[in-house]
Amino acid sequence: MRVVALLFLVLLAGGASAINVSNRYRSPRNPERRVRKTTELIVLHTTEAPARSSLNKLCERGEAHYCVTEDGTIYRIVDRDRVAFHAGRSMWNGKEDVDEFAIGIECVGHHDKAMGIVQIRAIRDLVAELQRMYGIPDERVLCHSHVAYGAPNKWQKKNHRGRKRCGMLFAMPSVRRQLGLARRPASDADVRAKRLVVGDDYLRRVLYGDVDTMKSSYPKTPSRAEGRESGLLAWLRGGGANKPAPAASPPKSIAELKSRGYTLKGSVTKGTTASKIAGPRWNSKDTYYTIRDKVIPGNAIDPARIENGMGVWMK
């Protein structure tokens, strides 16, 4: 009974994110990187190299937002709202320079080798948290191979998809199910529009066809609910009070904000900034902004998009 009572107290508290992120390899490049104007994609990479050398290189050059190692440790490299140089020559749906609108996650491992379940779970939880923060649907969680493209060369006379196979295992259905991703992009919009041609047919079949070389490595395919602690049974199976409680979904309306005890502290105007209203909590996950029937958590708000008329809600 004591465990159950504690569970309900934790659930009532709302449940903060259970993801632990290490700053050990946070890049010194952070101060020079501008804040991204928009976040539309999550791009998964494979390092193709061991953890230590990968982390050192990523840190030195600021080449990703996060790196997930084999033991499930998540390292912050570049702050998630800043530009990290991870995609190189890239295009998605007609927009080039994917770094400008994507979060990059490096995963220690190889594009054609299965990753351990501990690492997969850490990637899954990080991706889920970022999807929640930025409102990114499953089909916009991509691998580097989805967005990289090559310039004309002696083998291919046109701009072509197929410059890299980096991260391609993350396009395979068996791996995406392990990551709790129910959908993937159905086709390549840039090839359909003839902005690019196919330069690697095997890669095309991995990204959009039925090639899945990881099936035997992941025989069990948990659903999103099974994979993420979500409910009393999963919580008790996972160790009860020794495990973090599932995070409550963010409120989606003003009525829901009010029902959870939030009050409107003020509205942004030309002379009244968000930081003047909320102080240092302006970008806290427990501060919310409302505009045109949208509710945006403070830790997902793009500073460049805080506009006049936005309501600031706090407890």
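Bear in mind that the values in this text are calculations on the coordinates, not laboratory data. Worth saying up front: this structure is predicted, and the values here are computed from it rather than measured. Positions of Cβ are backbone-derived with ideal geometry, glycine not excepted, and every protein chain shown enters the neighbour counts.
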Of 291, 314, 254, farthest towards positive along the dipole that unit charges on Lys, Arg, Asp, Glu beta carbons give segment 254-314: 314
Cα extents of segment 14-241 along the three principal axes, largest first (Å): 60, 43, 32
Segment 249-315 and segment 45-91: distance between their alpha carbon centers, rounded to Å: 31
Entries in 57/252; 37/194; 37/265; 270/294; 95/270 that, when Cα-Cα distance is taken, lie over 29 Å: 57/252; 95/270
Model label zone, residue 265; criterion: amide N under 17 Å from point 7 Å along Cα-to-beta-carbon; scope segment 280-294: 280-291
Linear extension gain, residue 299 paired with residue 205, 0.36 nm per residue minus alpha-carbon span: 30.1 nm
Net lengthening on full extension, residue 256/residue 61 (0.36 nm per residue, minus Cα-Cα): 65.9 nm
Modelled FRET efficiency - R0 35 Å, residue 193 with residue 291, Cβ distances, 0.05 increments: 0.60
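Tell me, in nm to one decimal, what length is gained between residue 132 and residue 113 on full extension, where the rule is 0.36 nm per residue of separation less the Cα-Cα distance? Mind showing how you got there, number by number?
Working: separation 19, 0.36 × 19 = 6.84 nm, distance 2.83 nm.
Here the segment from residue 132 to residue 113 would lengthen by 4.0 nm.
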Semi-axis lengths (Å, descending) of the ellipsoid that matches the C-alpha gyration tensor of segment 272-315: 13, 12, 10
